[in-house]
Amino acid sequence: MSTQVIGGTGDSGMDRPASQGPVLEVRNLCVDFGVDKKWVPAAIDLNYQVNAGEVLAIVGESGSGKSASSMSLLGLLPSNSRVTGDVLLNGKSVLTMSPAKLRQIRGNDVAVIFQEPMTALNPVYTVGFQIVETLRLHNEISPDEAKQRALRLLQMVELPDPDKAFRSYPHQLSGGQRQRAMIAQSLSCDPKLLIADEPTTALDVTVQAEILDLMRNLRNQLNSAIVLITHDMGVVADLADRIAVMRQGRIVETGTADEIFNNPQHEYTKALLAAVPHLGQGDGNDDVDITAALAAATRTELQSVDHDELERREQEVLAQLAVDRSVAPPTAQPVLELIDVAIEYPKQGRVPAFRAVEGANLTVYPGQVIGLVGESGSGKTTIGRAAVGLLPVAAGSLKVVGTDISGFRPSSKELGAVRRHVGMVFQDPSSSLNPRLPIGESIGEPMFLAGEAKGGELQKRIETLLDQVELPRSYRNRYPHELSGGQKQRVGIARALSLRPKLMVADEPTSALDVSVQAKVLELFQNLQRELGFACLFVTHDLAVVDVLADYICVMKRGRIVEQGSRDQILRSPRDPYTQRLLAAVPLPDPTKQRERRELRAKLMATTD
């Protein structure tokens, strides 16, 4: 079976070792879970194969059976599971192996890259110790030899300081560095098959692009077969050779990346692709226009820029921000206004105070949606938390609904009065909702505590809010664990709207959701914003989401706002090199366009470096 390789410069089939036949064959695989004395199917009659040096992407919504079927290949499912069918690894049946033989295969012949490295890595051991342990478990080598191989692995995954990473504990590394360390551990025994379960979901677009480049390079070097489990179609377009689309436990369509993206046959595949937000969607332009604009900016602006010029340009932009206000009428009173704001985290024990934001100037007018974007650690969430009074302002002025809260204590009555005008939607609805309260009580609690409503009036308000977020009124008696991720996020939005806020702060509200669920939540959010007219500070690293929602965009880098302007100005004609790199890192749900974007990003990185 021929396979078309999707890649950038130097990523053609000629550059990789020739395929050596199927590494993994899955035949009539079924996975069931025992629930209430009944077998509930999670995967039904799955059939696929993966060749050496090939990437098979398994895509679909949460609950489609992607992870359950893949974890069954290694016997990693809980005791209430039942697995039937046949799984062949290099021609040998895996499901009939003894537990001891299966333990030998795990990590040696088959490795897994998990979605969240912080939970997959042991927090009480250094990264180096964990890699050495894996090496010595599967190979008869000395501790010194294992250490040298571990250091070479950390260098191969392009960690900036392998020696430091070797000595570091997981919490001392950034998200992208932890993911690289886990990849190094997974590759320590040169596995023939690599299962990557949502390896980039929690990462920024720039770190995600680096991890995808790394996985592509390692695929070429090691000639391993890769099973990529994801719901991010941009990642699929960037890395996959072939795609299997799953829905309700079944594979509904398979094909090459070009076939699935350019000529999908199944209605579910078409709906899945249509739900993917992408740059250009906000005004009807397509991604080719944006890539062309970025390429033009690269040619005309960045070819001869040195570091002094970059610093001078950044200072010019910062100076301009004081007068570069929104497109809203200047006569309207701002709902949120930051003037030269500095925010710092106070000293804790031996840890000194850390200034996370410096010199921030930002204005949000009534009815306006402002997108606050940037990498992790850029200060986005810090500004969002300060806007609702959860962090003190170290310098400057921060006004919320006309009141300067920069001098208020967190427990002051004045700040409590201001907070009644502010709602907040959190990134993870599961952890932000009280698991002991029915969702009706969670929605009604702010109104009851604020004295807005009680008794029958409170119940009517709760029902109205459930109607507004398009949840059945009967759900008021359900608990959070009885709802899906998208439904829990709707509850979070309803609770944030309960006091009819003038300002909504949304902190990454869709990053943990599937693309189809994300599309529904974003559409709901847009409709509510138009209907109720609240202003919104939308914090995210997903530029495609900002393109759909925002009127105005602020770009943050290392605690400073380096560029801000209208959506079209920032996304179509970015001035700052950092913004250009950020846009070039966004994966596109199209293999051909993504190859062009990847090549452009490489040029931008080389030029600005």
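The values are calculated or read from the model by the stated rules, or taken from the named source; none is laboratory data. Given the structure is predicted, the values throughout are model-derived calculations rather than measurements. Glycine also receives a Cβ, built like all others from the backbone with ideal geometry; neighbour counts cover every protein chain displayed. What goes into the accessible areas is simple: the full protein's heavy atoms, side chains included, and nothing from ligands, DNA or RNA. Shrake-Rupley method; radii C 1.70, N 1.55, O 1.52, S 1.80 Å.
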Taking the Cα-to-Cβ direction at Gln569 and at Gln221 and moving 7 Å from each Cα, how far apart do the two end points lie in nm? 4.4
Compute the separation of the alpha-carbon centres of segment 102-121 and segment 491-517 and state it in Å as a whole number. 34
Can you return the lysines within cross-link range of Lys557? Criterion is Cα-Cα under 19 Å, with same-chain partners fewer than 8 residues away left out. Lys380
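Considering only DSSP beta bridges with both partners in segment 310-573, what is the antiparallel share in %, to the nearest 5? Intermediate values should be presented prior to the final figure.
Working: 22 of 40 bridges.
Taking every DSSP beta bridge within segment 310-573, about 55 percent pair in antiparallel fashion.
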Please name whichever of Ala237, Leu194, Ile211 sits farthest to the positive end of the charge dipole of the chain, dipole taken about the Cα centre and charges placed at Cβ: Lys and Arg +1, Asp and Glu -1. Leu194
Carbon-plus-sulfur fraction of the accessible area of segment 310-573, 1.4 Å probe, in percent? 49
Quick check for me: using +1 on Lys/Arg Cβ and -1 on Asp/Glu Cβ, what's the dipole size of segment 96-174 about its Cα centre, in debye to the nearest 20? 180
In whole percent, what relative contact order does segment 41-151 give with Cα contacts below 8 Å and a gap of six or more residues? 14
When the accessible area of segment 114-190 is split by element with a 1.4 Å probe, what percent falls to carbon and sulfur? 47
Using the heavy atoms of the protein chains alone and a 1.4 angstrom probe, what is the accessible area of the chain per residue in square angstrom? 44
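Please report the relative contact order for the chain, taking Cα pairs under 8 Å with a sequence separation of at least 6, and give it as a percent rounded to a whole number. Please list the in-between numbers first.
Values: 1195 pairs, mean separation 100.5, N = 609.
Once normalised by length, the contact order is 17 percent.
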Points 7 angstrom from Cα along the Cβ direction at His266 and Glu116: gap in nanometres? 2.9
Qualifying lysines (Cα of each under 16 Å from Cα of Lys92; at least 8 residues distant if same chain): Lys101, Lys192
Mind putting a number on the dipole of the chain about its Cα centre? Charges go on the C-beta only, +1 for Lys and Arg and -1 for Asp and Glu, and I need it in Debye to the nearest 20. 1780
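Kyte-Doolittle cut-off -0.5, length cut-off 24 Å along the helix's own axis using Cα: show which whole DSSP H helices in the chain pass. Please list the in-between numbers first.
Working: long enough: 205-222 (25 Å, 0.06); 515-532 (25 Å, 0.12); 591-608 (25 Å, -1.49).
Those that pass (Cα extent of 24 Å or more, hydropathy at least -0.5) are 205-222, 515-532.
May I ask what percent, to the nearest 5, of DSSP beta bridges between residues of the chain are antiparallel? Let's see the in-between values first.
Working: 48 of 85 bridges.
Among the beta bridges of the chain, antiparallel pairing accounts for roughly 55 percent.
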Could you pull out the pairs from Lys37/Lys520; Lys460/Lys502; Lys66/Lys593 whose alpha carbons sit more than 32 Å apart here? Lys37/Lys520
Among (1) 54; (2) 58; (3) 50, the entry that matches percent of Cα pairs over 33 Å apart as calculated here: (3)
Amide H of Cys536 versus every other amide H placed in the peptide plane: which residues, excluding those fewer than 5 positions away on the same chain, fall under 5 Å? Gln368, Val369, Ile370, Met504
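Suppose R0 equals 25 Å; then what is the FRET efficiency for Arg82 and Arg27 from their Cβ-Cβ distance, rounded to the nearest 0.05? Can you show the working numbers first?
Numbers: r = 17 Å, r/R0 = 0.66.
That pair, Arg82 with Arg27, gives E of 0.90.
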Provide the descending list of Cα extents for segment 114-190 along its principal axes, expressed in whole angstroms. 31, 22, 22
For the residue pair Lys101 and Asp428, what label-to-label distance in nm results when each label sits 7 Å from Cα along the Cα-to-beta-carbon direction? 3.9
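Under the rule a/c < 1.5 gives rounded, and otherwise a/b versus b/c splits prolate from oblate, where does segment 517-609 land using the Cα gyration tensor? Before the final figure, lay out each step's value.
Working: a/c = 2.76, a/b = 1.51, b/c = 1.82.
It comes out oblate by the Cα gyration axes.
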Under the 0.36 nm per residue contour assumption, what length would be gained going from the current alpha-carbon distance of Ile141 and Gln459 to full extension? 107.7 nm
